[in-house]
Ligand code: MG
């Protein structure tokens, strides 16, 4: 059952998402060679708490940090660590915030210093896949319209969908129904309605669709060690179309210009 949120409830989710966006801006400005993902995690937690929020990932099924920080071939759920980021690395930062019992979730991927042409292309394709998924998030359509739009954009950009992970409903819980595949035929699954709130999140690679989980039990790495990228917005479906809650009106988008 996919919850239908009232305008007031969506405003509550929007408030949590506004903190997600603030954290993203702080981290985007901080990413540089020599900075560690542990530094980014500390900055994220301080920013979330300064705004009255709670880091949603910390303690979630035992996850130890406020952000997931996945470097290069790590696709999702990377542990922040003390090793400094290096020039040419690509790092994905995923952040979740709980505020007054409501959740917001967003991710972006950014180059550290100067990155390769191929890496820039993957980032651009993953952003385009997110945009396509959001554009397909229209009341009256069906759930897999989103999945199909993401996959088409990935293919158009020469990237591969990592199929084990996808988007999800969000609101009172960090992960709610439905699970949103990033591939597959359109026009299947539940009818989309105004009041649905989804975290849409393509996770793409330049090579393998397959991933394996590292010894830490969380960090997910492409089996062929190809570069991966991940962008995510929390989106409310309204009668007027999709509304990106993790990109407040008038605020800059987060992620490397490509
Ligand atoms: Mg998510």
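None of the figures in this text is laboratory data; all of them are computed from the coordinates on show. All values derive from a computational prediction rather than experimental measurement. We place every Cβ from the backbone using ideal geometry, glycine too, and count neighbours over all the protein chains shown.
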Q: Using the number of other C-beta atoms within 10 angstrom as an exposure proxy, rank 61, 77 with the fewest first.
A: 61, 77
**Q.** Sequence of 89, 105 once ranked by neighbouring C-beta atoms within 10 Å, starting from the fewest
**A.** 89, 105
Q: May I ask you to derive the FRET efficiency for residue 216 and residue 35 from their Cβ-Cβ distance with R0 = 30 Å, giving the value to the nearest 0.05?
A: 0.90
Q) Once the Cα atoms of segment 145-212 are picked out, what are the Rg and Dmax in Å? A) 12.5, 36
Q. With r defined as the distance between the Cβ atoms of residue 82 and residue 179 and R0 fixed at 35 Å, what FRET efficiency is calculated, to the nearest 0.05?
A. 0.55
Q) How many times 2.2 N^0.38 Å is the alpha carbon radius of gyration of segment 161-258? A) 1.22
(Q) Starting from 0.36 nm per residue, how many nanometres of slack lie between residue 7 and residue 251 once their C-alpha separation is accounted for? (A) 85.7 nm
**Q.** Segments 135-145, 202-212 sorted - mean Cβ within 10 Å per residue, highest first
**A.** 202-212, 135-145
Q: Among 100, 41, rank each residue by its count of other Cβ atoms within 10 Å, from fewest to most, as a rough exposure measure.
A: 100, 41
(Q) Given the DSSP H assignment, sum -39500 (n - 2.57) over each helix run of at least 4 residues in the chain and divide by its residue total; what's the result at 222 nm in deg cm²/dmol, nearest 500? (A) -9500 deg cm²/dmol
Q. What do you get for Rg/Rh of segment 69-198 when both radii come from the Cα atoms and Rh is the Kirkwood radius?
A. 1.00
Q: For the chain, just the Cα set please: Rg and Dmax, both in angstrom.
A: 16.7, 48
